[in-house]
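Step one of this worksheet: look at the structure below.
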Amino acid sequence: MRHYALKKKVLYCGVVIVILIILLHPDRNARRSYSYIAKENILNSLRQEIANNFSTTALADCDYYDVIHDDTTLPLSIAEGDLVENHRIREGGEYAPVECRPRFSTAIIVPYRDTAEQLRGFLVFMHMFLRRQHIHYRIYVVEQVDSRPFNRAKLINIGSLAAMRAGFPCLVLHDVDLLPLKLANIYACTEQPRHMSCSINKYRFVLPYLNLFDGAVSISSKQFKLVNGMSNKYFGWGGDDDDLYTRLEAHCIEMSRFEPSTSQYHMVPHEGQQKRPKKSELLANAKERMSSDGLNSLKYTEVATVLHPLFTHIMVDL
C-alpha cells in the first residue's frame, strides 16, 4: 500500500512538472505567423534617403538586388576575429562604398555599459556585415559611465540626437548582444518603423508576442522626433520598448517586419540585467507622458566623445 502511494505521488509530481513546462515554455504564446514585407517587396518599401553632409565621387548607383536576395548566413566566428585589411572604415566608425553611390544612410545607435569583449565582437561582426550591404552608415556607441541602474532608452535618445545632428535620416536602435545573420536584412529604414530582430535564436526563431518592438529596430529620424523619442524614466531593464510601441500606436504609426527567415539574429549569452521595479506604473501613463518625457526633456552630462577607428564613442553621466 505504501509502495502504491509513493508511485501515485511520483506520478502526480511528474504531471505537475509537465504542465509547468508547457505553461512556461517560450513558444506557448509565441506568434509563428504575422504580416510581413515579402523579400520581393523589400526594395520598394525602403526610404531612399542620404545624410545631409554625405558626398561621393561614384557615378553609378549601388544595386541592392543581390543583397536582398542573398541567403548567406554569416558565420558567428567573424566576431572572434579581426577586420580584413583595407576595410576603408573612416574614423568614428563611418563607412560608404566607393564603387557606387549608396541610396541609404543609417546611424546605428548602441546603448552600452561594462561588456567590452562583447562590444569588440559586435563591432567587428557588424562592420563585416554592413560593408556587404552597400549602404552609408556610422556606428554610435553611447556608454553610461555613472553607477545608476542602466537606462537603455535615455542612451538611445542621446545617440539619436547626435546622429540627427550629423544629418542621418535613418536610425537603427540596436542592442549590443544581437548579431544579424542574413544579409537580406538590410540596415535601412522602411516607410513604417521596422522590428528587425523578430526571429532570435533564444526564442527558437519565433516571435514571442505580436507587439514586441525591441532588440534591433529601425525608425526614420522624422518619426523618432514625432513621437518625442523614447522615455527617459526607465532606469533598469525592461519596459522602455513597450513604451516606444505605445508612442507609435498613439500617433497611428504601424510597425513593419521582414519575413522570419530574413530577420534572424543570434543573441550572445550575457548576464541578466537588473529589472526595473514597477515598470507597469510607467507604462500605464505612457501616452500622457510622451509629449513631455523624451527628446525634449533629455538631460545628461557629456563626459567625452571620442572618434575611435570602429565607432563614435559617446560617454555620458545620467
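Filter the helices (runs of 4 or more DSSP H) completely within the stretch 201-297 down to those with at least 3 residues that are at pLDDT 90 or above.
In the stretch 201-297, the matching helices (runs of 4 or more DSSP H) lie at 221-226, 240-250, 286-289.
Please indicate, with yes or no, whether at least one residue in the stretch 200-216 is of a type in the set (S, T, N, Q) and buried (at least 20 other Cβ atoms within 10 Å of the Cβ). Reasoning before the result, please.
The first filter runs over the stretch 200-216 and keeps only residues of a type in the set (S, T, N, Q), leaving 201, 211.
Remaining after also requiring buried (at least 20 other Cβ atoms within 10 Å of the Cβ): none.
Checked the stretch 200-216: no residue is of a type in the set (S, T, N, Q) and buried (at least 20 other Cβ atoms within 10 Å of the Cβ).
Any idea which residue in the stretch 303-318 is nearest to the chain's Cα centre (by Cα), counting only those that are crowded, with 20+ Cβ neighbours inside 10 Å and part of a loop (DSSP other than H, G, I, E, B)?
Taking the candidates together, the pick is 311.
Could you look through the stretch 68-122, keep only residues that are without any contact (Cβ under 8 Å) to a residue 24 or more places away in the chain and either part of a strand (DSSP E or B) or of a type in the set (A, V, I, L, M, F, W, C) (or both), and pick out the one that is surrounded by the most Cβ atoms within 10 Å (Cβ to Cβ)?
Going through the qualifying residues, I end up with 90.
Would you check if residue 104 is among the aromatic types (Phe, Trp, Tyr) and more than 16 Å from residue 313 (Cβ to Cβ)?
Criteria met by residue 104.
What is the residue count in the stretch 105-114 for residues that are closer than 20 Å to residue 236 by Cβ and in contact with a helix residue (DSSP H, G or I) (Cβ under 9 Å, 6 or more places away or on another chain)?
5
Counting just the residues of the stretch 53-67 that are of a type in the set (Val, Ile, Thr) and farther than 19 Å from residue 182 by Cβ, which one comes out surrounded by the most Cβ atoms within 10 Å (Cβ to Cβ)?
Step one: list which residues in the stretch 53-67 are of a type in the set (Val, Ile, Thr), which gives 56-57, 67.
Of the ones still in play, those that are also farther than 19 Å from residue 182 by Cβ are 56-57.
Values: 56: 15, 57: 6.
Checking each candidate, the answer is 56.
The values are calculated or read from the model by the stated rules, or taken from the named source; none is laboratory data. Nothing here was measured: the structure is a model prediction, and the numbers come from that model. Counting neighbours? That spans all protein chains shown, and the Cβs are built from the backbone with ideal geometry, glycine included.
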